Amino acid sequence: MQNNEKLRTFICIDFPSEVIKEIARIQSLVNKQNFTGKLIELENLHLTLKFLGEINSKTLDKVKRDLSTIKFNTLNLQLSHVGTFNYKGNPRIVWLKVTGDIFNLQKQIDASLEKLFPKEQRFMSHLTIARVKYAKDKKGFINYISNVKCKNIKFSINNFKLKTSELKPSGPIYNTIAQYPLSI
């Protein structure tokens, strides 16, 4: 990476295969609805803890250093329920709620990076599973999604990651820059 080059970066957790399998099942149910949009590729699924935007190599080095100071236990999480984010009555995002101690980890990440980035104003522990451009029956789509039941799978996460995101016409390409262990 050259000094003036900027990388689009974010901090996230990835999911174990049992969770990915359940997400694929839910996506197949979502896909039965008549909508224009896109299911998120299984290999791209993640839960963003903090989006950093485009940063240069100097800032990236500081981020890596500051994240390495975080001490946190393994995360015990659970899949909760499915929902939508809507804009003016139009569904835009289909998401899956993740519950557990993830809010405290996110707060520690915010605290460790407070000299470089503003704190998150409204962190929502969700995982985007589909992006919706258009649904003919908006209310029907939203109602259907709210009734999709997910298995309340419990799982553990033992690291979080710093990744880059390269936006391509075919979709984003994510690369892990660094991985940080969770276990005090």
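The values are calculated or read from the model by the stated rules, or taken from the named source; none is laboratory data. Quick caveat: nothing in here was measured; it's all calculated off a predicted structure. Cβ coordinates were reconstructed from backbone atoms using ideal geometry, including for glycine residues, and neighbour counts include every protein chain displayed.
Among the residues of the range 152-165, count how many are of a type in the set (A, V, I, L, M) and out of contact with any helix residue (DSSP H, G or I) (no Cβ under 7 Å at 6 or more places or on another chain). Steps first, answer last, please.
Filtering the range 152-165 for residues of a type in the set (A, V, I, L, M) gives 153, 157, 162.
Applying the additional criterion that residues be out of contact with any helix residue (DSSP H, G or I) (no Cβ under 7 Å at 6 or more places or on another chain) yields 157.
The qualifying residues number 1.
So which of 102, 145 ends up being surrounded by 14 or more Cβ atoms within 10 Å (Cβ to Cβ), of a type outside the set (Asp, Glu), in contact (Cβ under 8 Å) with a residue 60 or more places away in the chain and touching a Leu at 6+ places or on another chain (Cβ under 7 Å)?
Values: 145 fails: touching a Leu at 6+ places or on another chain (Cβ under 7 Å).
None of the other options fit; the residue is 102.
Could you tell me whether the range 76-84 includes any residue that is in a strand (DSSP E or B), touching a His at 6+ places or on another chain (Cβ under 9 Å) and within 23 Å of residue 134 (Cβ to Cβ)?
The answer is yes, given that some residue of the range 76-84 is in a strand (DSSP E or B), touching a His at 6+ places or on another chain (Cβ under 9 Å) and within 23 Å of residue 134 (Cβ to Cβ).
Taking the range 62-77 as the search range and keeping residues that are under 27 Å from residue 154 (Cα atoms) and in contact with a strand residue (DSSP E or B) (Cβ under 8 Å, 6 or more places away or on another chain), which one is surrounded by the most Cβ atoms within 10 Å (Cβ to Cβ)?
77
For the range 116-151, give me each residue that is more than 18 Å from residue 23 (Cβ to Cβ) and either among the hydrophobic types (A, V, I, L, M, F, W, C) or touching a helix residue (DSSP H, G or I) at 6+ places or on another chain (Cβ under 8 Å) (or both). Give the steps one after another, and end with the answer.
First, the residues of the range 116-151 that are more than 18 Å from residue 23 (Cβ to Cβ): 116-123, 133-143.
Across the range 116-151, the qualifying residues are 116, 117, 119, 120, 123, 135, 141, 142.
With the condition kept exactly as written, say whether any residue in the range 129-137 is buried (at least 19 other Cβ atoms within 10 Å of the Cβ), free of Cβ contacts under 8 Å to residues at least 60 places away in the same chain, of a type in the set (Val, Ile, Thr) and under 28 Å from residue 171 (Cα atoms).
Step one: of the range 129-137, the residues buried (at least 19 other Cβ atoms within 10 Å of the Cβ) are 129-130, 132, 135.
Next, from what is left, pick out any that are free of Cβ contacts under 8 Å to residues at least 60 places away in the same chain: none.
Within the range 129-137, not a single residue is buried (at least 19 other Cβ atoms within 10 Å of the Cβ), free of Cβ contacts under 8 Å to residues at least 60 places away in the same chain, of a type in the set (Val, Ile, Thr) and under 28 Å from residue 171 (Cα atoms).
Would you check which residues across the range 26-38 are farther than 27 Å from residue 105 by Cβ and not in a loop (DSSP other than H, G, I, E, B) and list them? Let's see the steps before the verdict.
We begin by selecting, within the range 26-38, every residue farther than 27 Å from residue 105 by Cβ; these are 28-38.
The answer is 28, 29, 30, 35, 36, 37, 38.
Pull up the range 1-25, narrow it to residues that are at pLDDT below 95 and assigned to a loop (DSSP other than H, G, I, E, B), then point me to the one that is surrounded by the most Cβ atoms within 10 Å (Cβ to Cβ).
6
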